[in-house]
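A.B. asks: Please read through the structure below; I'll follow up with questions.
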Amino acid sequence: MYTETVMDHFKNPRNVGNIENADGVGQVGNAKCGDIMKIYLKINDDIIEDVKFETFGCGSAIASSSMATELIKGKNINEAVELSNKAVVEALGGLPPVKVHCSVLAEQAIKSALYDYAQRTNKVIKGLENFNPEEEEHSCH
Ligand code: FES
């Protein structure tokens, strides 16, 4: 049911933890399952130098966070904002259909952290102009 990559990232998640004095922090929750994901970004010159996550959630959410953080590390903020949940699922080699929403949480948590960074630095990140963190609650299925 789960690919080896999913199991690997679930059992040995990369980038777990938090960053003190992070430049951007984002948290999103899934209203139905109650899972919560928090992303911390260390950004220098618009490059994501470090990223950490804390996920209180299902295995797929943990694997998605782990993969998503790996995918944006070292990237420019404008590249990172384009990371879609589809790209995370692809990198994981697929997720069962009922678990795809868990990867959406990762995409939204990253966007939320980037939005926080943009707010703090008075920057406009293309694609986040209309982002509203208050609305980023996702329901399962
Ligand atoms: Fe809630 Fe996966 S994120 S079930």
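Nothing in this text is a laboratory measurement; each read-out follows from the coordinates by a stated rule. The shown structure was predicted, so the numbers you read here are calculated from the model rather than taken from an experiment. So basically every Cβ, Gly included, is an ideal-geometry build from the backbone, and we count neighbours across all protein chains shown.
A.B. asks: If R₀ is 41 angstrom, what is the calculated FRET efficiency for the pair N12 and N122, using the beta carbon separation as r and rounding to 0.05? Provide the component values of the computation, followed by the final result.
C.D. replies: Numbers: r = 38 Å, r/R0 = 0.93.
After rounding to 0.05, the efficiency reads 0.60.
A.B. asks: While we're looking at this one, here's another question. Looking at the square roots a ≥ b ≥ c of the eigenvalues of the Cα gyration tensor of segment 58-134, which shape do they give, rounded for a/c under 1.5, prolate if a/b is larger than b/c, or oblate?
C.D. replies: Cα axes put segment 58-134 in the prolate bin.
A.B. asks: Take every DSSP beta bridge whose two residues both sit in the chain, then give the antiparallel share in percent to the nearest 5.
C.D. replies: About 85 percent, rounded to the nearest 5.
A.B. asks: Spelling out what I want: for every residue of segment 80-89, take phi, set θ = phi - 60°, compute 6.51 cos²θ - 1.76 cosθ + 1.60 (Karplus), and round to whole Hz; glycine and proline get x.
C.D. replies: Values, residue by residue: 4, 5, 7, 4, 9, 5, 5, 5, 5, 4 Hz.
A.B. asks: Another question, if that's okay. What is the dipole size for the chain, taken about its Cα centre, with +1 at each Lys and Arg Cβ and -1 at each Asp and Glu Cβ, in debye to the nearest 20? List each step's numbers first, then the result.
C.D. replies: Numbers: 14 positive and 21 negative charges, 46 e Å.
So the magnitude is around 220 debye.
A.B. asks: Stick to the Cα atoms of the chain, pair each with every other, and give me the Kirkwood hydrodynamic radius in Å at one decimal.
C.D. replies: 14.6 Å
A.B. asks: Summing -39500 (n - 2.57) over the DSSP H runs of n ≥ 4 in the chain and dividing by its residue number, what mean residue ellipticity at 222 nm do you reach, to the nearest 500 deg cm²/dmol?
C.D. replies: Taken over the chain, the calculation gives -12000 deg cm²/dmol.
A.B. asks: Then there is this: Sum up the charges of everything whose Cβ sits under 12 Å from the Cβ of E49, counting Lys and Arg as +1 and Asp and Glu as -1, but leave E49 out.
C.D. replies: Once all neighbours under 12 Å are counted, the net charge is 0.
A.B. asks: Positive end of the charge dipole of the chain (Lys, Arg +1 and Asp, Glu -1 on Cβ, about the Cα centre): tell me which of N12, A118, A87 has its Cα farthest that way.
C.D. replies: Ranked along the dipole, the leading option is N12.
A.B. asks: Using the membrane-span-like helix rule (whole DSSP H runs, Cα extent along the own axis of at least 24 Å, mean Kyte-Doolittle hydropathy at least -0.5), which helices of the chain qualify? All intermediate terms of the calculation are to be shown ahead of the outcome.
C.D. replies: Details: long enough: 100-121 (32 Å, -0.01).
Passing helices, by number: 100-121.
A.B. asks: For the residue pair A31 and K86, what label-to-label distance in nm results when each label sits 7 Å from Cα along the Cα-to-beta-carbon direction?
C.D. replies: Once both label points are built, they end up 2.5 nm from each other.
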